[in-house]
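The values are calculated or read from the model by the stated rules, or taken from the named source; none is laboratory data. What you see is a predicted model; the values in this text were computed from it and never measured. Using ideal geometry, Cβ is built from the backbone for each residue, glycine included, and neighbour counts are taken over all protein chains shown. Keep in mind that these areas ignore ligands, DNA and RNA; they rest on the heavy atoms of the full protein, side chains included. Shrake-Rupley method; radii C 1.70, N 1.55, O 1.52, S 1.80 Å.
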Amino acid sequence: MVVAGQFIHTGTPIVLWMDPGGYDAYRVEQRFSPIDQSDWETSKAAFKDLKNPTPNRYGLRSAVLTAEQAERVRGGGWDLPLLQSVVDQFVYHFDASGTSRQCFKVLHDVRDLSVHFMLGLDGTIYQTLDVKERAWHATTSNSRSVGIEIANIGAYEPDKAQPLNDWYKKDSDGKVQIRFPAQMEEPGLRTTNFVARPMRLSPVTGQLQGHEFVQYDFTPEQYRALMKLTAALCKVLPKIRCDYPRDASGQLITRKLPDADLDHYQGLLGHYHIQENKVDPGPAFQWDYVVNHARELLGKSPGSEVAGNARMRAVFEHLQQ
């Protein structure tokens, strides 16, 4: 991956925006429109409800920089120590598009948004921007975070879960696999003849934001790639602690974090921890599986971060008394 202009090894394949078959969020034209209709002016006219009506889908991390720092880096002059001092969150999303190709089309061509990484069903990671950039993926956390969109059709309330039936079918052996809907365009998987199966073959139900949702799990290939990317980011950007938001008992918080807590939070988190109207990465996402394996890659015991968090909570509660 590329971090402040430096190439960083992650231990898992990453297709850069500079590579053949990559997805380039620096470009201002649409990626999937006919080339003679892909320029910014045509795009702006075709999609009148763009949230960010500007040809750039990214920006400067100015909210976490001093005026002097912003002036120094606005031309691209980031150094790694400065980036390490301001980036402290890694946000997990499901893309609700099903494939990374479709995700980039929706983000870049339709919504005028961006994200640093996308993770395909086959475990291929795509990097669309240098991590130094402020991608537009998580509202109030954009200036201090790195984001990844993981290919998955998403989580739904039980009575609105038809998309799961459209995407997940049983094969001749009775095992669940992903079948792309007939109306879907080319899925764009890099692995030839890849058959995508959720890590757990039955849908997973759980509570998020106080409501029940159902979702199929991510693929084993996605988890293997994600834990390596997570470990690499936590190492190169050490303010990103390799842990997720926990309550006083050490359990995963399944709601949006209070604004004050989010302001001080450093580590891994879901989109739903940032916004009340979001539920990604969903109830099927295996937080402990990712965190524990990432911590093993970092050479840390899985329980050490939890113990450290408990000590931090105890100190904070003492100060509040």
- Query: Taking the range 216-232, which residues are touching a helix residue (DSSP H, G or I) at 6+ places or on another chain (Cβ under 9 Å) and either part of a helix (DSSP H, G or I) or open to solvent by 10 Å² or more (accessible area, probe 1.4 Å) (or both)?
  - Reply: Y216, Y223, R224, L226, M227, K228, L229, T230, A231, A232
- Of the residues that sit in the range 152-204 and are open to solvent by 80 Å² or more (accessible area, probe 1.4 Å) and in contact (Cβ under 8 Å) with a residue 40 or more places away in the chain, which one is nearest to T254 (Cα to Cα)? R200
- Query: Quick one: would you say V15 is under 28 Å from Q183 (Cβ atoms) and either outside any helix (DSSP H, G or I) or in contact (Cβ under 8 Å) with a residue 24 or more places away in the chain (or both)?
  - Reply: yes
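For the range 107-127, name all the residues that are among the hydroxyl-bearing types (S, T, Y), assigned to a loop (DSSP other than H, G, I, E, B) and under 12 Å from the mean Cα position of the chain (by Cα). It would help to see each step written out before you state the result.
Applying the first criterion (among the hydroxyl-bearing types (S, T, Y)) to the range 107-127 yields 114, 124, 126.
Cutting the leftovers down to assigned to a loop (DSSP other than H, G, I, E, B) gives us 114, 124.
Residue satisfying the conditions is S114 alone.
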- For residues that are modelled with pLDDT of 80 or more, of a type in the set (D, E, K, R) and exposed (fewer than 14 other Cβ atoms within 10 Å of the Cβ), tally how many sit in the range 15-37. 1
- Note on the structure: Restricting attention to the range 69-106, the residues that are assigned to a helix (DSSP H, G or I), of a type outside the set (S, T, Y) and either more than 18 Å from I153 (Cα to Cα) or touching a residue at least 60 places away in the same chain (Cβ under 8 Å) (or both) number exactly 15
- Message: Just checking, does the range 105-124 include any residue being under 19 Å from A4 (Cβ atoms) and aromatic (F, W, Y)?
- Response: yes
- When only residues in the range 77-100 that are in contact with a helix residue (DSSP H, G or I) (Cβ under 6 Å, 6 or more places away or on another chain) and of a type in the set (S, T, N, Q) count, which is most open to solvent (accessible area, probe 1.4 Å)? S97
- Read through the list (1) open to solvent by less than 20 Å² (accessible area, probe 1.4 Å); (2) at pLDDT below 95, then give the number of the only condition that G123 fails. (2)
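Only residues that are in a loop (DSSP other than H, G, I, E, B) and buried (at least 21 other Cβ atoms within 10 Å of the Cβ): list them for the range 266-277, please.
I274
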